[in-house]
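Input: a single structure, listed below in structure tokens.
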Amino acid sequence: MWRLSYSFRNRVKNRLSFLYGEKRVNRLLERLGLLASRYHDLKERIKCCHLWDEHTTLIITYPDMIRLPGEKPLVTLDRFLTDFLQDVVEGVHILPFFPYSSDEGFSVIDYKRVNPDCGEWEDIENIAKKFRLMVDLVLNHVSRCSSWFQDYLSGIAPSINYFIEMDPKTDLSMVIRPRTSPLLTKVNTVFGERYVWTTFSPDQVDLNYSHPDLLMEMLEILLFYISKGARIIRLDAIAYLWKKIGTTCLNLPETHEVVKLFRDIIEYLAPGVILLTETNLPHHENVSYFGEGDEAHMVYQFALPPLLLYTIHKGNAAVLTNWAKTVSICPKNCTFLNFTASHDGIGVRPLESLVDNSEIEELVNIVHTLGGLVSFRQTPTGAKPYELNITYFDALKDPQKPEDLQWQIKRFLCSQIIMLGLKGVPAIYFHSLIGSSNNYEGVQKTGQNRSINRARLDDRYLRESLNNAETKEWKVFNVYKQLLKIRREHPAFHPDSFQRVLDSNESIFAFERTSLNKFERTSLNKKERIYCVHNISSNPQKFALPGEVKNIQDLLGGICGHELKIESNNVFLEPYQCCWIKC
């Protein structure tokens, strides 16, 4: 058996003791040693020598996002990524590619199989050879069609311990969750009628981490994914992991301890692999998953998508500026994953501590006006908006002139340029790359609001569109690709580089990025400073650069439609115009 190092053994011993008590620790350490012996060669197989740099950008996509009749979608996706994005994007987040029963992959039937409708493990591994691969570990719940749950219904060990039974009379009023569906779902087992915990839907049955057998199962699955090429592990819905009656069952200390344990195991067996937590919550709760630099390497910047929408629709950057001044500091070897759109809706909970409820309602009304939908969560005081369901491109139409495509593109690209410049690693949802519009047909077909932003694309039509300069897809994709190329050439955009938010009038959002000292990175020969300035309003604006700025060069060079006008140190910006000024 692989011998665990003394320091690692002591560290995880404390974590396991906290979770399961002293009496179980020695046996659990033995099992962990056996698991480590199976995956002891991961360290040699992981080629990545850094966590991230200015090249690190991710594309978020479904495994079957692009389809070609007669071909497995993962093969089609591989070819498209290689043909169009390999020179500008380092990584790809392939959303759950396992057999599933609902929620577009997030109700997993079998964690270790690739959905045969999409391809096989060889296809995943081929993509992982060209791109840094992010894989979802859907660890809070499993499909009721899974063998685990079917064994539970039949009373078969160890699965009989993998789920949370609850008396429906139990007072669960303190539990916080993002849905309005019943928290408990009635099922029939060999022992009779039971009620099981279902945070997200009756088809997604929560797992019982108070039983160590389940934790060991998930640790093995984690290492299995890494062995198949995963270099970023996304812990889906992690905040809801541990349940304790009489609490909110959200962000419990035991949940944080599980994340720390995962981090310990990754750094011991697979250093270079990144742990990402998905917690769509107010900012202070979200960043708690950094711990003291001992939990997630990366957390989503969940406030950014709704805050950018709010800012551009308001034409006022005051809230965004004040927020950005407070969020740029991370523990060492930690960073943010910046994004504006994903496979889910645009969560509004992160806005709760930033703007009044009336302004959230105003944003909800704007989204309704633009053809979007809204999903709700249940609270003790009733249902409240949880997320906006709309493509990010359509969410940035101007309600005053919604048919003006060129105006919409300007507003949308402004949001994307802000996201690309901010401190952290950018992640771009596939539909944002091409300016997709709302998919109402998908909503009608599935009955799910989130389908509005989950359309699948025909490979031939997409390629034709991206080769036709008259199409909306080309107009967005062509600029986006240029932005990505420029960004990766400048070390000031390294996720760890310095960020300083600048004061200006309320129609301007501006910040400075400065590269790391050359002694901190061997690839740097000199420091670089870039001023990122964005007009978030519908009117021309002037911005005064700091007095020390000399030898001004706009890296964007008018690629979004306007050459930058500069007089002395004053920069003149057209509506929604942005610049990256290098000096």
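The values are calculated or read from the model by the stated rules, or taken from the named source; none is laboratory data. The shown structure was predicted, so the numbers you read here are calculated from the model rather than taken from an experiment. Ideal geometry is used to build each Cβ from the backbone, glycine not excepted, and the neighbour counts take in all protein chains shown. Remember, those area values only see protein heavy atoms, side chains included, never the ligands or the DNA or RNA. Shrake-Rupley method; radii C 1.70, N 1.55, O 1.52, S 1.80 Å.
Structure above, values below:
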{"read-out": "Within the range 566-581, considering residues that are surrounded by 15 or more Cβ atoms within 10 Å (Cβ to Cβ) and of a type outside the set (A, V, I, L, M), the one nearest to ARG529 (Cα to Cα)", "value": "TRP580"}
{"read-out": "Among the residues listed as THR335, THR340, the single one being among the polar types (S, T, N, Q), open to solvent by less than 10 Å² (accessible area, probe 1.4 Å), touching a residue at least 24 places away in the same chain (Cβ under 8 Å) and out of contact with any strand residue (DSSP E or B) (no Cβ under 7 Å at 6 or more places or on another chain)", "value": "THR340"}
{"read-out": "For SER201: the one exception among (1) out of contact with any helix residue (DSSP H, G or I) (no Cβ under 8 Å at 6 or more places or on another chain); (2) open to solvent by less than 60 Å² (accessible area, probe 1.4 Å)", "value": "(1)"}
{"read-out": "In the range 243-295, the residues that are in contact with a Cys (Cβ under 7 Å, 6 or more places away or on another chain) and either among the hydrophobic types (A, V, I, L, M, F, W, C) or open to solvent by less than 10 Å² (accessible area, probe 1.4 Å) (or both)", "value": "PHE290"}
{"read-out": "Single residue of PHE97, PHE80, PHE106 found to be among the hydrophobic types (A, V, I, L, M, F, W, C) and closer than 15 Å to ILE428 by Cβ", "value": "PHE80"}
{"read-out": "Residue check, GLU220 charged (D, E, K, R) and in contact (Cβ under 8 Å) with a residue 60 or more places away in the chain", "value": "yes"}
{"read-out": "Filter result for the condition that a residue is farther than 23 Å from PHE18 by Cα and in contact with a helix residue (DSSP H, G or I) (Cβ under 6 Å, 6 or more places away or on another chain), over LEU307, LEU241, LEU250", "value": "LEU307"}
{"read-out": "Search result, residues across the range 344-369 that are over 21 Å from PRO402 (Cβ atoms), touching a strand residue (DSSP E or B) at 6+ places or on another chain (Cβ under 7 Å), in a loop (DSSP other than H, G, I, E, B) and not acidic (Asp, Glu)", "value": "VAL348"}
{"read-out": "Extreme residue, nearest to HIS494 (Cα to Cα), among residues of the range 296-315 that are open to solvent by 10 Å² or more (accessible area, probe 1.4 Å) and assigned to a helix (DSSP H, G or I)", "value": "TYR310"}
{"read-out": "Hey, LEU457 open to solvent by 30 Å² or more (accessible area, probe 1.4 Å) and either under 24 Å from the mean Cα position of the chain (by Cα) or among the polar types (S, T, N, Q) (or both) or not", "value": "yes"}
{"read-out": "In the range 247-274, the residues that are on the phi > 0 side of the Ramachandran plot, modelled with pLDDT of 95 or more and out of contact with any Phe, Trp or Tyr (no Cβ under 7 Å at 6 or more places or on another chain)", "value": "ASN251"}
{"read-out": "Given (1) among the hydroxyl-bearing types (Ser, Thr, Tyr); (2) closer than 22 Å to LYS43 by Cα; (3) part of a loop (DSSP other than H, G, I, E, B), number of the condition TYR268 does not satisfy", "value": "(3)"}
{"read-out": "Condition check for GLY547: modelled with pLDDT under 95 and on the phi > 0 side of the Ramachandran plot", "value": "no"}
{"read-out": "Search result, residues across the range 394-419 that are surrounded by fewer than 20 Cβ atoms within 10 Å (Cβ to Cβ) and either more than 21 Å from TRP474 (Cβ to Cβ) or touching a His at 6+ places or on another chain (Cβ under 8 Å) (or both)", "value": "ASP398, PRO399, GLN400, LYS401, PRO402"}
{"read-out": "Residue tally, condition open to solvent by 20 Å² or more (accessible area, probe 1.4 Å), small (Gly, Ala, Ser) and assigned to a helix (DSSP H, G or I), over the range 316-331", "value": "1"}
{"read-out": "Only listed residue being among the hydroxyl-bearing types (Ser, Thr, Tyr), in contact with a helix residue (DSSP H, G or I) (Cβ under 9 Å, 6 or more places away or on another chain), farther than 21 Å from GLU257 by Cα and open to solvent by 10 Å² or more (accessible area, probe 1.4 Å), chosen from SER143, SER159, SER181, SER154", "value": "SER154"}
{"read-out": "Tally, over the range 48-80, of residues that are over 18 Å from ILE232 (Cα atoms) and of a type in the set (A, V, I, L, M)", "value": "6"}
{"read-out": "Checking ASN126 against (1) in contact with a strand residue (DSSP E or B) (Cβ under 8 Å, 6 or more places away or on another chain); (2) under 21 Å from ILE60 (Cα atoms), the condition it does not meet", "value": "(1)"}
{"read-out": "Test: SER173 is touching a residue at least 60 places away in the same chain (Cβ under 8 Å), over 28 Å from the mean Cα position of the chain (by Cα) and surrounded by fewer than 17 Cβ atoms within 10 Å (Cβ to Cβ)", "value": "yes"}
{"read-out": "Residue within the range 366-381 that is among the aromatic types (Phe, Trp, Tyr) and modelled with pLDDT of 90 or more present", "value": "no"}
{"read-out": "Any hit, the range 216-235, residues being open to solvent by 30 Å² or more (accessible area, probe 1.4 Å), touching an Asp or Glu at 6+ places or on another chain (Cβ under 8 Å), within 30 Å of GLY91 (Cβ to Cβ) and modelled with pLDDT of 95 or more", "value": "yes"}
{"read-out": "GLY119 vs. criteria at positive phi, open to solvent by less than 30 Å² (accessible area, probe 1.4 Å), at pLDDT 95 or above and more than 27 Å from the chain's Cα centre (by Cα)", "value": "no"}
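Condition check ((1) among the aliphatic types (A, V, I, L, M); (2) open to solvent by 10 Å² or more (accessible area, probe 1.4 Å); (3) in a loop (DSSP other than H, G, I, E, B)) across all residues:
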position: LEU34; (1), (2), (3): yes, yes, no
position: SER37; (1), (2), (3): no, yes, no
position: LYS47; (1), (2), (3): no, yes, yes
position: HIS50; (1), (2), (3): no, yes, yes
position: ASP53; (1), (2), (3): no, yes, yes
position: ILE60; (1), (2), (3): yes, no, no
position: ASP64; (1), (2), (3): no, yes, yes
position: GLY70; (1), (2), (3): no, yes, yes
position: LEU77; (1), (2), (3): yes, no, no
